[in-house]
Amino acid sequence: MNIYGVIMAGGGGTRFWPLSRQEEPKQLLNLSGKDLMINETIDRIATVADMKDIFVVTNVTQVPKMKTATVGRLQENHILAEPSARNTSACIGYAAMEIIKKYGDGIMCISPADHFIKDQAEFTRVLKEAVEVAEKEDKLITVGIQPTYPATGYGYIKFDKSEDSVAKTVMEFKEKPNLETAKEYLASGAYAWNSGMFIWKASTILKKFEELLPDVYTCIEKIGEAMGTAKEAEVINRIYPNIPSISVDYGIMEKSSDVLVISGDFGWNDVGSWENMDVIYDEDENGNILVGNQINIDTKNTISYSKKRLITTVGVENLIIVETEDAIMVCDKSRAQDVKLIVDQLKADGKNEYL
């Protein structure tokens with residue numbers, strides 16, 4: 001059975017403002033100093049699926065730069081444009097219908113575009129195991145991450161640890177816990193972090209849409225009927241914005257009894273905000289991460305990112321400082337998640353040139 005890579009790349013990456021913008025969000029940035037996040041993701045998936053069988057689903061505003069960024073890797077017609085953001089169920093349903101209608105059934109390996117993974121070989125091994133299970137069984141498979149500390153920033157997957165198999169039955173999905181609960185999860189050995197990576201047959205997930213999310217399926221089906229015709233673009237633009245906005249986790253995964261999880265330990269991190277830069281860069285002797293043109297005196301536990309101009313600091317601690325051509329952002333390190341509030345304020349003030 002053919003293997004298809006599907007990369008979800010429609011997010012705005014607002015917590016990485018001012019570097020991340022609407023037309024050039026986090027997945028189109030080179031945060032690691034090696035390559036764009038989207039290209040690093042494509043190359044990872046390409047260890048399991050042929051490059052010609054990889055698709056990216058992204059917002060229509062990002063398509064021009066996505067095409068430029070991925071030239072030589074992706075076929076242009078494999079960049080699927082969403083007219084509006086309608087959450088992960090719409091994104092995955094759209095890709096599944098595209099594959100079924102135009103290329104035939106196969107295994108979908110679905111991944112967000114903004115993950116950081118240190119151990120590529122181990123990631124590939126785990127993904128291949130998941131593909132083998134998906135080929136044999138019409139079940140939904142997710143990749144869990146073996147917890148290394150009591151994280152409160154991730155959702156968790158509870159599984160049946162008594163099962164003697166690589167893919168274990170999922171018993172329950174858990175929301176982000178408090179610290180005490182996270183410690184209990186870690187100690188039990190029966191939980192994995194929820195990575196948001198999925199493996200299943202395109203036909204299997206579409207049946208799940210029809211069963212559990214009929215309103216979403218009806219819209220996806222109408223789009224599917226127009227695929228390959230002169231009306232395809234018009235129907236997508238008309239129907240897609242009306243698809244109910246529901247995550248695939250809430251709409252399908254949490255409501256299904258036939259979900260399996262394969263746990264992996266390959267140096268995974270969801271690089272969600274500036275405070276996560278420590279997974280990409282090593283801290284110096286003062287706990288700082290300094291990128292670009294810098295002079296830092298008596299500075300501790302600070303992330304300072306310069307795109308062009310010189311950043312200088314004296315006697316500061318626990319800050320995040322980011323410089324771009326048209327904006328400078330400074331925040332307390334403990335408030336990294338609230339950078340998105342700046343984006344909200346810019347929208348409210350009509351300062352769209354900074355978005």
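Just a few scattered comments:
- For the chain, built as a Gaussian network whose Cα springs stay under 10 Å, the top-fluctuating residue of 108, 197, 329: 329
- If you look at the Cα atoms of region 20-116, you get an Rg and a Dmax of 12.9, 38 Å.
- Sites residue 285 and residue 84, calculated FRET efficiency, Cβ-Cβ separation with R0 45 Å, nearest 0.05: 0.45
- Cα gyration tensor shape for region 295-355, rounded if a/c is under 1.5, else prolate or oblate: oblate
- Expressed to the nearest 5 percent, the antiparallel share of DSSP beta bridges inside region 276-354 is 30 percent.
- Of the GluC sites (Glu not before Pro) in region 87-172, those whose Cβ has at most 15 other Cβ within 10 Å and which sit in DSSP loop: 137, 163
- Built amide H within the under 5 Å cut-off of residue 260, gap 5+: 140, 141, 142, 170
- Temperature 37 °C, viscosity 0.692 mPa s: under these conditions the Stokes-Einstein estimate for region 256-323, based on its Kirkwood radius over C-alpha pairs, is 237 µm² per second.
- Over the chain, relative contact order from alpha-carbon pairs under 8 Å, at least 6 apart, %: 19
- Region 286-322 and region 36-83 have Cα centres spaced 33 Å apart.
- D (Stokes-Einstein, µm²/s), Kirkwood Cα radius, region 201-355, 1.002 mPa s at 20 °C: 107
- Table column - 3J(HN,Hα) (Hz), region 128-136, Karplus curve with 6.51, -1.76, 1.60, x for Gly and Pro: 5, 4, 5, 4, 4, 5, 5, 5, 7
- Ascending count of other beta-carbon atoms within 10 Å, so fewest first, for 211, 24, 82: 211, 24, 82
- Contact order, relative form, for region 1-73: 41 percent (alpha carbon pairs under 8 Å, 6 or more residues apart, mean separation divided by residue count).
- What the Cβ-Cβ distance of residue 2 and residue 178 gives, at R0 = 45 Å and to the nearest 0.05, is a FRET efficiency of 0.55.
- When you restrict to C-alpha pairs under 8 Å that are six or more residues apart and normalise by the size of region 276-354, the relative contact order lands at 19 percent.
- Distance between the 7 Å Cα→Cβ label points at residue 75 and residue 162: 4.8 nm.
- Shape category assigned to region 74-186 from the gyration tensor of Cα positions, a/c cut at 1.5: prolate
- Computed 3J(HN,Hα) for region 331-347, one whole-Hz value per residue from the Karplus formula 6.51 cos²θ - 1.76 cosθ + 1.60 where θ = phi - 60°, is 8, 5, 4, 6, 10, 4, 5, 8, 4, 4, 5, 5, 4, 4, 5, 4, 5, glycine and proline marked x.
- Computed from the Cβ-Cβ distance with R0 of 25 Å, the FRET efficiency linking residue 52 to residue 135 stands at 0.80.
- Charges were assigned to the Cβ only: +1 to each Lys and Arg, -1 to each Asp and Glu. The resulting dipole of the chain about its Cα centre is roughly 620 debye.
- Derived scalar couplings ³J(HN,Hα) [region 163-179; Karplus, 6.51 cos²θ - 1.76 cosθ + 1.60; whole Hz; x for Gly, Pro]: 5, 9, 8, 5, 8, 9, 5, 7, 9, 6, 9, 10, 6, 4, x, 7, 4
- Antiparallel beta bridges, as assigned by DSSP with both residues in region 227-344, represent about 30 percent of the total such bridges.
- Loop GluC sites (Glu not before Pro), region 253-293 (other Cβ atoms within 10 Å of the site Cβ: 15 or fewer; DSSP): 283, 285
- Once divided by 2.2 N^0.38 Å, the Cα radius of gyration of the chain becomes 1.02.
- Net charge of neighbours whose Cβ lies under 12 Å from the Cβ of residue 155, counting Lys and Arg as +1 and Asp and Glu as -1: -2
- Each stretch of four or more DSSP H residues adds -39500 (n - 2.57); spread over every residue of the chain, this sum gives -9000 deg cm²/dmol at 222 nm.
Here, each number is a calculation from the coordinates, and none is a lab measurement. Predicted, not measured: the structure shown is a model, and the values here were computed from it. Here Cβ is always computed from backbone atoms with ideal geometry, including for glycine, and neighbour counts include all displayed protein chains.
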